[in-house]
Ligand code: MN
Ligand code: MN
């Protein structure tokens with residue numbers, strides 16, 4: 001770091017309270033050329049079943065992400081040195097009052113991103129957005145998934161819709177986007193109205209790790225299980241902020257007590273280092289339920305961990321090609 005700073009110093013090295021708040025103060029790019037990892041906001045929450053507000057997530061995560069520095073102290077990874085990282089703005093949702101049209105709008109943007117060989121790191125938005133994202137990143141072959149969440153999100157129809165935020169991954173399996181045998185869901189808990197709510201996960205062969213099993217296994221053995229399940233193939237990481245205990249992340253649509261600590265979540269994401277990551281998302285931060293900003297702060301911190309392991313994967317693929 002330079003000894004003296006001026007207004008010409010790159011934004012990332014300036015004091016963290018100055019400047020326009022892009023994700024991690026990375027450059028804002030209008031075009032997708034010269035970008036390896038595109039951090040993209042998806043401000044849509046038309047798929048929530050209870051408390052809304054996640055449409056405001058990208059802006060508050062951008063704001064809190066300006067506090068994040070450039071190097072991961074724990075792993076030594078410096079993602080902005082490994083890869084060309086840019087904030088590529090928000091996916092444009094043309095028809096926010098129409099759920100399936102909104103998903104088409106989002107899918108359209110992600111096809112553009114994938115066609116430019118940019119790896120997307122997405123910030124929701126509610127969890128329904130993972131389905132249109134997967135329609136783009138998994139268009140050529142089904143992918144594995146590390147899914148960290150209080151909920152399996154493999155539900156059935158709810159109040160006449162098949163595409164709400166409690167069902168993206170059942171739809172993704174049905175559409176041939178996800179390989180359920182290479183999918184692991186960690187942190188699952190909470191109360192149910194229907195004991196069979198997550199039957200799809202079990203019947204399709206996903207590895208479901210309920211919170212009680214995580215608690216008895218611990219982080220290290222859980223990471224080993226994640227790596228065993230997803231293997232060497234392409235893998236997507238989907239991180240729902242409600243995996244965290246409401247003590248750490250109250251600002252979310254479907255909070256459940258008895259959850260992960262922020263440190264446990266950081267360690268789980270770091271445990272994905274070396275996997276063949278082809279995209280990731282961090283969803284369900286709802287700023288209207290987050291008056292102190294702690295949920296957006298946790299989201300920004302996890303987003304940085306996702307950026308670090310994704311940048312390692314991108315750099316690894318680039319060194320082989
Ligand atoms: Mn959830
Ligand atoms: Mn979810």
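Every number here is computed from the coordinates shown, using simple stated rules; none is lab data. Model, not experiment: these values are computed from the prediction. Note that each Cβ is placed from the backbone with ideal geometry, even for glycine, and that neighbours are counted across all protein chains shown.
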Post the alpha-carbon centroid distance, the range 227-277 to the range 84-106, in whole angstrom.
23
Neighbouring Cβ atoms within 10 Å as the yardstick, rank 320, 221 fewest first.
320, 221
Average projected area of the Cα convex hull of the range 148-231, in nm²?
5.6
In what order do 209, 70 fall by count of nearby beta-carbon atoms within 10 Å, going from fewest to most?
70, 209
Kirkwood Rh over alpha-carbon pairs of the range 241-321, then Stokes-Einstein at 25 °C and 0.890 mPa s: what D in µm² s⁻¹, rounded to an integer?
184
What residue among 38, 258, 47 shows peak mean-square fluctuation when the chain is described by a Gaussian network model with Cα springs under 10 Å?
258
Of the candidates 99, 28, 217, which one comes out as most mobile in a Gaussian network treatment of the chain with C-alpha springs shorter than 10 Å?
217
Using a Gaussian network model of the chain whose springs link C-alpha atoms within less than 10 Å, name the residue from 257, 241, 133 with the highest mean-square fluctuation.
257
Hey, how many Å between the Cα centroid of the range 111-140 and the Cα centroid of the range 30-79?
13
Which angle from 0 to 90°, rounded to the nearest 10, does the C-alpha axis of helix 219-230 make with the longest principal axis of the chain?
80
Out of every Cα-Cα pair in the range 78-218, what percent are more than 25 Å apart?
33
Just need the relative contact order of the range 21-320 here, percent rounded to a whole number, with Cα pairs under 8 Å and 6+ apart.
23
Convex hull projection area averaged over all views, the range 48-137, Cα basis, nm²:
7.1
Mind grabbing the base-10 log of I(q)/I(0) for the range 1-61 at q = 0.16 Å⁻¹? Debye formula, identical points on the C-alpha positions, no solvent, two decimal places.
-0.70
Mind checking the log10 I(q)/I(0) for the range 162-211 at q = 0.14, 0.29 Å⁻¹? Debye, one equal scatterer per Cα, no solvent, two decimals.
-0.35, -1.32
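Using the count of nearby Cβ atoms within 10 Å as a rough guide to exposure, how do 23, 214 rank from fewest to most?
214, 23
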Per 0.36 nm of contour for each residue apart, how much would the distance between residue 104 and residue 18 grow if the chain were fully extended, relative to their Cα-Cα spacing?
27.3 nm
For the range 174-277, build the convex hull from the C-alpha positions and give me its volume per residue in Å³.
115
Residue 191-residue 319 pseudo-label distance in nm [points 7 Å out on the Cα-to-Cβ vector]:
5.1
With Cα coordinates, the longest principal axis of the chain makes an angle with the long axis of helix 99-115, in degrees rounded to 10, of 50
I'd like the Kirkwood hydrodynamic radius of the range 21-320, using the inverse of the mean 1/r over distinct C-alpha pairs, in Å.
18.5
To one decimal place, what Kirkwood hydrodynamic radius in Å is obtained for the range 53-97 from all pairs of distinct Cα atoms?
13.1
